[in-house]
Amino acid sequence: MSWTFGSALRARWGLDPNLRYLNHGTVGAPPLAVLEEQWRIQREIERQPARFLLRDLAPNGMPSGVRNVPHLREAVARVAAFLGARGEDMAFVDNATTGIYGLLRSIPLEPGDGLLVADQGYGGVNNGARYAARERGLALQTWTMPTDDPRPERLLDAFRAGLKPNTRLAVVDQIHSGTGLVLAVDAFAAICREHDVLLIVDAAHVPGCIEVDVPALGADFWVGNLHKWAWSPRSSAVLWCTPPRQRDIHPAVISWGLDQGFAEEYDLLGTRDPSPHLTAPFALALLAEAGDVMGHNRDLARAGAEHVAVHVGGALLGEPSQWASMVPVLLPAELAANPEEARLLKDCLLFEHHIEAQVTWLPQGACLRVAAQIYNELEDYEALADALRTRL
């Protein structure tokens, strides 16, 4: 039976009961049941740590244990099925930034080849692109996201205009971090194929936020976090690679699996805690048990964003087809007229009003990314609007 959504569910999370948490997407928040499953796995590891980590965890050339399928391969196969993919084409990474940086470092490119990123792309990924370009002699290129009017066709036109004759690799968000807008990455992938450009999809927010069939997108590489909307413990993400490209890529950290194959390279990267990855299937099962979480979050985020926009004089960005569990509201200049004031506004909401909400700065002004999870309800967004109005 599906859960009854609303504030009563906060007891299933470890969140501060005095805090209105409206920023689930930033670093995620696993339910307590997921954390308990992680602790169970950690206790199992500690019963025979050397056997678990060196024999039964990964197909990495160590002496085999009694398991026919290594723990990581079993877990990633279940996650891959949730994402419409095959387990053999997917591997766990610590987070989307780490996964993407490994790609930027290892995808075969020549000095002078162009690497294209969005001007409003995620800062950590863009920094990785900047460093990879500097170290490899690549030409770092930028396309300008029209965040003043980010309708799908305008985004595609802007991306197409950013391609240069020497562009060989591009990174595109599937859900834009700054605004929460969903981008039509299958259309971006089609443009890339027309221009012989490889495409990395930064899908940090996608698993558990929107339905996705990863191979059907037509991208070459796809990386998504499980610890944001898919309820897994921090930190856990998956990297998918189309089969023809797998022999070319390597993880950001090189370890025992070097040159032994895609799964072998990614599955054992030295001693680390694998429990977030191994807990991911349990988290996905809990997500399914809860009911239509994605649909509920989409509807509540829209209702909350509309309420805030009406009561503070803001404007919703994008179109309904681009909204999922996060909806962007462009705030009036009276609330924040520059990046520093936007940062202070975010701090004010937390420290003065006990509301955690994401405020970012776009070229057009301060953007409130209204997020919803099943422990939220409309009253939370009414309180958010009231808090913002005290600043007008």
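Return yes when A337 is free of Cβ contacts under 8 Å to residues at least 40 places away in the same chain and over 24 Å from L32 (Cβ atoms) and no when it is not.
On the way: free of Cβ contacts under 8 Å to residues at least 40 places away in the same chain: yes; over 24 Å from L32 (Cβ atoms): yes.
Against the criterion (free of Cβ contacts under 8 Å to residues at least 40 places away in the same chain and over 24 Å from L32 (Cβ atoms)), A337 qualifies.
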Only one of G304, G224, G295 is in contact with a strand residue (DSSP E or B) (Cβ under 7 Å, 6 or more places away or on another chain), assigned to a helix (DSSP H, G or I) and among the small types (G, A, S). Can you tell me which? G304
So L15 passes all but one of these: (1) in contact with a strand residue (DSSP E or B) (Cβ under 9 Å, 6 or more places away or on another chain); (2) crowded, with 18+ Cβ neighbours inside 10 Å; (3) not polar (S, T, N, Q). Which condition number does it fail? (2)
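Going through region 313-345 one residue at a time, which ones are under 21 Å from the mean Cα position of the chain (by Cα) and buried (at least 18 other Cβ atoms within 10 Å of the Cβ)? Don't jump to the end; show me each part of the working.
Within region 313-345, the subset under 21 Å from the mean Cα position of the chain (by Cα) is 317-329.
Result: L317, G318, Q322, W323, A324, S325, M326, V327, P328, V329.
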List the number of the failed condition for T4; all other conditions in (1) over 30 Å from D347 (Cβ atoms); (2) touching a residue at least 24 places away in the same chain (Cβ under 8 Å); (3) of a type outside the set (D, E, K, R) hold. (2)
Among V125, V117, which is the only one that is in contact (Cβ under 8 Å) with a residue 60 or more places away in the chain and not aromatic (F, W, Y)? V125
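Of everything in region 18-38, what is more than 16 Å from L286 (Cα to Cα) and part of a helix (DSSP H, G or I)? Give them in sequence order.
Narrowing region 18-38 to residues more than 16 Å from L286 (Cα to Cα): 18-27.
If the condition is that a residue be more than 16 Å from L286 (Cα to Cα) and part of a helix (DSSP H, G or I), then H24, G25, T26, V27 are the ones that fit.
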Under the condition of being over 23 Å from V327 (Cβ atoms) and among the β-branched types (V, I, T), which residue from region 18-59 is surrounded by the most Cβ atoms within 10 Å (Cβ to Cβ)? V34
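Since every read-out is calculated from the coordinates, none of them should be taken as a lab result. Predicted model only: the values in this text are computed from it and were never measured. Glycine also receives a Cβ, built like all others from the backbone with ideal geometry; neighbour counts cover every protein chain displayed.
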